[in-house]
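The values are calculated or read from the model by the stated rules, or taken from the named source; none is laboratory data. What you are looking at is a predicted structure, and each value in this text was computed from that prediction instead of being measured. Here the Cβ is made from the backbone with ideal geometry for all residues, glycine too, and neighbour counts use every protein chain on show. Remember, those area values only see protein heavy atoms, side chains included, never the ligands or the DNA or RNA. Shrake-Rupley method; radii C 1.70, N 1.55, O 1.52, S 1.80 Å.
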Amino acid sequence: YNPFSNSNLKNYFDRWFLKFLYSSAHGFIANSRDTLSSFRQFGILSNSTRSIVIGNPVIPNNFTSIMQQPVSHSWLINKTSNVIVSAGRFVPVKDYSTLLYAFSIVRRTLPDTRLILLGDGDERPLLEDLIGRLSLVDHVSLPGFKENPCRYFYRSDLFISTSLQGR
């Protein structure tokens, strides 16, 4: 199915509807130059609409060696418990406070479980305070930003990505 083809009436109305939807857009993110070009060529997206191309990520040939690089975190070197890892900016939209509350519930059933939050940001003091209030100081680690978080994911038992919906 290609809404850009002129082969039938349905495609014509699909293109009209897309043009109507995108006419009020303040910006547009495309996953390739060809996608952006098609949206402009068929009049769905105005040339004046601010746009950017953010390509799909490419896994490098050496990805296996990248994720197998050593880590210095003791919980991952000599694993004696389950380790959960999350990575991101410490900002409200990442909603790490909900993750910490959820983790405190998990620990009731799996008391040997540990949580590593990779990253940094304005909410770090709030998260540190919450970790203290939830009595998680010995079970949650905030080692800061890591250039290669994949090596932490590789050695963990679970990776969690949190975010508030719609933001």
**Report entry** Sequence-distant residues sharing a close amide H with residue 28 (under 5 Å, placed H)
**Finding:** 51, 52
Query - Centre separation in Å (Cα based) which lies between the stretch 102-134 and the stretch 31-59 - result: 40 Å
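Over the chain, with every protein chain in place, what whole percent of the accessible area is carbon and sulfur at 1.4 Å, could you tell me? Mind dumping the intermediate values first?
Working: 5980 of 11050 Å².
So the carbon and sulfur contribution to the accessible surface is 54 percent.
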Query - Surface/4 of the Cα convex hull for the stretch 1-95, nm² - result: 11.1 nm²
Query raised in the report: In whole Å, what are the Cα extents of the stretch 42-123 along the three principal axes, biggest one first?
Result: 58, 34, 24
Report summary line: FRET efficiency (residue 61, residue 128; Cβ distance; R0 41 Å; to 0.05) is 0.55
Report summary line: Charge dipole of the chain built from unit charges on the beta carbon (Lys, Arg +1; Asp, Glu -1), centred at mean Cα; most positive-end Cα among 163, 46, 85 is 46
Query - Candidate aspartates and glutamates for bridging to residue 146, where Cα separation is under 20 Å - those fewer than 8 sequence places away on the same chain excluded - result: 95, 120, 122, 123, 128, 157
Query raised in the report: Given q = 0.09 Å⁻¹, what are the Debye log10 I(q)/I(0) values for the chain, with equal point scatterers placed on the Cα positions and solvent ignored?
Result: -0.51
Query raised in the report: Angle, helix 96-109 long axis vs. longest principal axis of the chain, Cα atoms, 0 to 90°, nearest 10?
Result: 50 degrees
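How large is the dipole of the chain about the Cα centre if only Lys and Arg carry +1 and Asp and Glu carry -1, each at its Cβ, rounded to the nearest 20 debye?
Working: 18 positive and 12 negative charges, 95 e Å.
Here the chain has a charge dipole of around 460 debye.
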Query - Inverse mean reciprocal Cα-Cα distance (Kirkwood Rh) of the stretch 75-150, Å - result: 12.7 Å
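Report the gain in length on full extension from residue 81 to residue 108: 0.36 nm times residue separation, minus Cα-Cα distance, nm rounded to one decimal. Walk me through the numbers before you get to the answer.
Numbers: separation 27, 0.36 × 27 = 9.72 nm, distance 1.43 nm.
Residue separation times 0.36 nm, minus the Cα-Cα distance, leaves 8.3 nm.
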Query - Added length on full extension, which subtracts the Cα-Cα distance from 0.36 nm per residue, residue 91 to residue 51 - result: 11.8 nm
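Can you work out the FRET efficiency for the pair residue 12 and residue 40, with r the C-beta to C-beta distance and R0 = 22 Å, to the nearest 0.05?
Details: r = 18 Å, r/R0 = 0.82.
It comes out at approximately 0.75.
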Query raised in the report: Which FRET efficiency value, to the nearest 0.05, do you get for residue 26 and residue 72 by plugging their Cβ-Cβ distance into 1/(1 + (r/R0)^6) with R0 = 45 Å?
Result: 0.55
